[in-house]
Structures are given as structure tokens and as C-alpha cells.
Amino acid sequence: IVASHFNPEFLVNVKETGKVMLVDYSDLVNLKITEVSAARFLHDGGLDASGRYFMVAANASNLVAVIDTKENKLVALIESGQTPHPGRGANFVHSEFGPVWATSHLGDETVILIGTDPENHPENA
């Protein structure tokens, strides 16, 4: 579960379904829930450095799903190594690729970097 930086919402992984639920809590009596289909089995993840993109591992699918929390939609499914397992992931600025989000994988030494700045580094995001 993470909180959006753009809307009064929580993003909730529903692991087995492959969906992320966006729970709008602006009206606590009448919660509004929007489902975004991603990939199975959603495990863990975190926000990129801008707070806009929720990066979540679908570890049984060997994918990382990218949810745009400003537009409330899936923007990418990125192939990764076997069983991505990021915790919340790591954000840093790479000298060549610009802002990136990184994750490790279970069972091997693989670390992938995913570019997170489509405006200034579109070739890497």
C-alpha cells in the first residue's frame, strides 16, 4: 500500500488478481475504488523519485508494472529478470540514463534499472 502524491488515494496491490486498486478516500463514507489491471502476482514496490510512478513487481510474471498515479492508469509492463523483488525499490540519478528506479531479483545477482523521466530522458524511460 502506498499513498498517491497527486490524489487523495491509496494504491493497494491485490496480489493474486494482478490488479492495483486505487482507493479514493476523499469521501470516507463512500469510498471510490478504481481497478487497474497489471500482471500477476503483484508483490511489492514503491514510488519513483518524482512520486508520480508506482513501480510494482509482478514477481511470478517476471514483470514490473508501472502505474501513473497522476493519470491513474497502467503505462508500462517491463520485462525483468526472474522473480523481481524490490522491497520499495531504489531511486537515484544515473550519470548516463538520468533518474532511475532499481530492483534486485530473488535467486541471482541481477539488478535492473528503469528510467523514470519520460520528459527529459524519453529514450530511457
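Remarks
- Taking each residue of region 68-81 that is closer than 15 Å to D24 by Cα and looking for partners that are among the hydroxyl-bearing types (S, T, Y) and part of a loop (DSSP other than H, G, I, E, B) with beta-carbon atoms closer than 7 Å, six or more apart or interchain, yields T69/S4.
- Residue ID - surrounded by the fewest Cβ atoms within 10 Å (Cβ to Cβ), chosen from residues in region 70-81 that are at pLDDT 90 or above and part of a loop (DSSP other than H, G, I, E, B): E71
- Summed over region 18-36, residues that are at pLDDT 95 or above and either loosely packed, with under 15 Cβ neighbours inside 10 Å or not in a strand (DSSP E or B) (or both) total 11.
- Within the span defined as region 51-59, one or more residues are farther than 15 Å from L11 by Cβ and either at pLDDT 95 or above or touching a Phe, Trp or Tyr at 6+ places or on another chain (Cβ under 9 Å) (or both).
- Among the numbered conditions (1) assigned to a loop (DSSP other than H, G, I, E, B); (2) surrounded by 14 or more Cβ atoms within 10 Å (Cβ to Cβ), the only one that A57 does not meet is (1).
- If the condition is being closer than 16 Å to G51 by Cα, of a type in the set (G, A, S) and not in a strand (DSSP E or B), then region 88-125 contributes G89, A125.
The values are calculated or read from the model by the stated rules, or taken from the named source; none is laboratory data. For clarity, every value in this text was computed on a predicted model and none was experimentally measured. Glycine also receives a Cβ, built like all others from the backbone with ideal geometry; neighbour counts cover every protein chain displayed.
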